[in-house]
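One structure is given below, encoded as C-alpha cells.
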Amino acid sequence: MKKILIIGAGSYIGESFETYARDRYDISTLDARGLIPDSWQFQGFDAVFYVAGIAHRKETRKNAHLYYEVNRDLAVETARAARNAGVRHFILMSTMAVYGLDEGRIEKQAKPHPVTHYGRSKLEADRAVWKLRGKDFKIAVLRPPMVYGKGCRGNYQALRRLALKTPVFPDVKNQRSMLYIGNLCEFLVNVIDGEKSGLFFPQNGEYVDTGCLVREIALAHGKKVKVKGFAWIGKLPVRAAKKAFGSLVYEHGDYIGTFGFKESIMQSETGMGKEGSTKPCVAVLTSYTPSLLWYRMDMMRLFVKKGYRVYALGDQPSSRWEDRLGKYGIAYRQVYMQRNGINPLKDLLTIASILKCYMEIKPDRIFTYQAKSTIYGGIAARLMHIKGVFPMIGGIGSVFLSDAVSDRVLRKIVVWEYKMALKNASSVFFQNFDDERTFSRYGIISGRKTVMLHGSGVNIRQFGMMPQPERTSFLLTARLIRDKGIREYLEACRKFKAVHPQGRCMLLGPFDTNPTALKKKELQPFIDEGIIEYFGEQNDVRPFLKQCSVFVLPSYREGTPKAVLEAMACGRAVITTDTSGCRETVRDGENGYLVPVRDSESIYKKMVFLYEHPEIAREMGVRGRKMAEDIFNVDFVNEIICRTMNISEEYCV
C-alpha cells in the first residue's frame with residue numbers, strides 16, 4: 001500500500017481525495033498554515049499531493065502577497081523538501097485560470113496568459129516545480145477546470161443558490177469544461193498508481209451547458225426551472241456574463257467518465273448516489289457550534305470515512321456552518337439552545353427543536369457532549385425511543401462543587417435531568433475517574449456502562465513538535481471565565497513581570513457570556529501596563545504555541561483539557577492545577593508542574609523557575625510530546641469511541 005501525504009489539510013479537494021482513496025492508500029495530511037517544509041516531514045512517503053492554495057477570495061493589493069507565498073513559494077519549498085527526503089512522486093494541483101480566459105477553446109499547447117494573482121502565482125509554481133523533476137522525482141501538474149461536488153466552494157455555489165430560487169433561467173447554448181470531484185479523485189488514483197509525470201488537463205467526459213446545469217440542480221431538490229429565452233444575455237460584453245454563459249473548454253483534455261453528469265449533480269446536491277439513503281446516520285449534538293471544530297472534527301471525519309452520514313447539530317445559524325462543515329462531508333442543522341441558565345419554557349423549546357431535527361434526519365446513533373446538549377439531546381432521544389445514545393461527560397461544572405444554597409437547589413434539578421437523559425444511554429464516556437465517581441455517587445449512572453477516555457485526544461500530525469523560541473515565554477488559551485483560573489494567571493504574571501520584565505506573558509481566548517466571565521475593563525489594566533499580551537479569539541492556536549515555551553492552565557476543574565494536550569504535542573512544558581482532569585495530563589516534575597487550585601503564588605514561582613532554567617522547560621516539552629504520542633493521540637481515542645458506538649465500515653456495508 002502506497003503512503004501518500006496530502007499538503008492542505010482541510011482543503012475541499014484534499015479532504016475529498018482522502019475519503020475517496022482511504023482504502024487504497026495509507027494517507028496522511030499536513031496543514032499548510034504555518035508550515036515550514038523540512039525533509040524529515042516527508043520521509044517514508046511514496047507521493048506528495050500539494051493541494052494547498054489561496055483561492056475564492058477577492059483580490060486586493062493588501063492580500064496579493066498571500067497568493068505568491070502559498071500558491072508559489074510554499075509549493076516550491078515543499079517539492080524541494082520532498083525530493084530531498086527521497087519522495088519519488090509529486091502531484092501539484094494547478095488551475096485552468098493560468099490561461100486567463102473567460103471564454104474560448106484551449107488546446108494542450110496553448111500558451112498561458114494569466115490575468116489574476118491567483119492565475120499568475122499558480123503558473124509560476126507550475127514552472128518552478130517542474131524544474132525540480134528528475135529520474136527519481138516525477139512531477140505531475142494538474143490544471144483542472146471548475147471542480148464541483150457536495151460542500152465545494154466557488155462559482156458552483158452561486159449557480160446552486162440561483163437554481164433553488166429562480167423559476168426561469170436563460171436558454172444560452174454554451175459549453176463548459178467542468179470536473180466532478182469524484183472524477184478528479186479517480187484521475188488522481190490513475191496518476192498515482194501509474195507514477196505518471198507531465199502536464200494534465202482532467203475534465204468530465206462531457207461538456208456542460210449552464211442552463212442544463214441549473215435545471216439538474218433544481219431537479220435534485222424536487223424543483224423545476226424552465227430554461228427558455230433571454231439568449232441575448234450570453235452576448236453581453238461584461239465579464240460576469242462571459243463567466244456564466246460563455247463557452248470555455250479544453251479542446252483535447254484528459255476525459256474521465258467514471259461519474260456521469262446527472263449522477264454527479266445528484267451526488268453534489270444530496271450526497272446520495274444509487275445507494276443513497278441506505279447509509280446509517282450519526283448525529284453529533286453541541287450547545288456551542290464552534291466547539292465542533294475545536295473538539296470533534298477528527299471524530300466526525302472518521303465517521304464519514306467509515307461510510308456514515310454525519311449530521312452536526314448546534315446552536316448557531318446554518319448559513320455560517322453549512323459550507324464550512326460541508327467540505328468535510330458533514331451536514332449541519334441549527335437547533336434552538338441557550339448555553340447558560342435554566343428557563344423551563346426555553347428548555348422545552350430546546351427539546352422540541354431537537355425532536356424536530358431528529359425526526360428529519362432519523363439518526364441511528366447520537367453523540368452528545370456538554371451539559372445542555374447531553375441533557376436535552378438525551379431526553380429528546382428518549383421520547384423518540386432512540387437507543388443508540390452515547391453522551392460524553394467532559395467536565396461536571398461548578399454546580400456539583402459549590403455548597404451554596406442556590407447551587408444545592410440547582411444541583412437537585414440538574415441531577416434529575418441527567419437521570420432522565422441518561423436512562424436509555426447505551427454507554428457513557430468519561431474523561432476522568434473523579435467525574436465518574438461523582439455521577440455514581442448521585443445515582444446518575446447507576447447500572448450504566450461507562451467508558452474512560454483520555455480526553456478528546458490531540459491530532460499529533462496537525463500539532464507537531466515545534467522548536468523553542470529564543471526567550472522563555474508563557475501562554476494561556478481559554479475562555480475568559482473564572483473557572484479557567486484566568487485571574488490567578490493574571491496575578492501570577494503581574495508578579496513575574498516585576499522580577500523578569502523581559503519575559504512574555506500571553507493570553508488567548510474569547511470573552512464569554514458565563515456569569516463568572518472576566519470583563520474587558522478588568523483585563524485592560526494588565527494590557528496597558530504591559531503585563532499581558534492579549535490576542536483575543538483565534539481560529540488557529542499553533543502560531544501562538546510556537547511563540548511560547550511554557551503553557552499555563554490554572555483551571556479549577558476539567559474533563560481533560562484539550563488545550564494542554566495541544567501544547568504537549570507541540571513540545572511545551574505545562575503548568576496546571578492538581579485537580580480533576582488537569583492532573584491526568586501532567587506527571588509532576590516530568591512534563592510540567594502541578595500547582596494547587598486558586599494559588600497564584602505557586603504559579604508565579606514555577607514560572608520564575610522555568611524562565612531561569614530554560615533547559616528544563618525544553619526537556620519537559622520533549623517528554624510531553626512523547627506522552628501525547630503514546631497516550632493522548634486522537635486516533636486512539638476515536639477508535640475507542642467507534643468501537644463503543646459500533647461504528648464500523650463492515651456495519652455500513
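The values are calculated or read from the model by the stated rules, or taken from the named source; none is laboratory data. As the structure is a prediction and not an experimental result, all values here were calculated from the model. With ideal geometry, Cβ positions are generated from the backbone for all residues, glycine too; neighbour counts draw on all protein chains shown. Surface accessibility is based on the protein's heavy atoms, side chains included, excluding ligands, DNA and RNA. Shrake-Rupley method; radii C 1.70, N 1.55, O 1.52, S 1.80 Å.
Structure summary
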| item | result |
| --- | --- |
| Among residues of the range 100-143, those that are part of a loop (DSSP other than H, G, I, E, B), surrounded by 14 or more Cβ atoms within 10 Å (Cβ to Cβ) and of a type in the set (A, V, I, L, M, F, W, C), counted | 3 |
| Selection from the range 88-99 of residues that are in a loop (DSSP other than H, G, I, E, B) and open to solvent by 20 Å² or more (accessible area, probe 1.4 Å) | 88 |
| Pair list, Cβ under 9 Å, 6 or more apart: the range 341-370 residue closer than 15 Å to residue 283 by Cβ and free of Cβ contacts under 8 Å to residues at least 24 places away in the same chain, other residue of a type in the set (Phe, Trp, Tyr) and open to solvent by less than 20 Å² (accessible area, probe 1.4 Å) | 353/376 |
| Qualifying residue in the range 542-555 (condition: at pLDDT below 95, assigned to a loop (DSSP other than H, G, I, E, B) and surrounded by fewer than 13 Cβ atoms within 10 Å (Cβ to Cβ)) | no |
| Residue count, the range 387-441 (criterion: aromatic (Phe, Trp, Tyr), over 23 Å from residue 555 (Cβ atoms) and surrounded by fewer than 17 Cβ atoms within 10 Å (Cβ to Cβ)) | 1 |
| Some residue of the range 604-619 being in contact (Cβ under 8 Å) with a residue 24 or more places away in the chain and under 21 Å from residue 434 (Cβ atoms) | no |
| First in the range 54-72 and surrounded by 12 or more Cβ atoms within 10 Å (Cβ to Cβ), second anywhere and among the hydrophobic types (A, V, I, L, M, F, W, C) and assigned to a loop (DSSP other than H, G, I, E, B), Cβ under 6 Å, 6 or more apart | 66/54; 67/54; 70/54; 71/54 |
| Residue that is without any contact (Cβ under 8 Å) to a residue 24 or more places away in the chain and within 25 Å of residue 299 (Cβ to Cβ), where the choices are 445, 460 | 445 |
| Scan of the range 594-611 for residues that are within 16 Å of residue 472 (Cα to Cα) and open to solvent by 30 Å² or more (accessible area, probe 1.4 Å), ordered by number | 604, 605, 606, 609, 611 |
| Test: residue 190 is part of a helix (DSSP H, G or I), buried (at least 21 other Cβ atoms within 10 Å of the Cβ) and either under 26 Å from the mean Cα position of the chain (by Cα) or not hydrophobic (A, V, I, L, M, F, W, C) (or both) | no |
| Of all residues in the range 441-475 being over 24 Å from residue 371 (Cα atoms) and assigned to a strand (DSSP E or B), the one that is nearest to the chain's Cα centre (by Cα) | 475 |
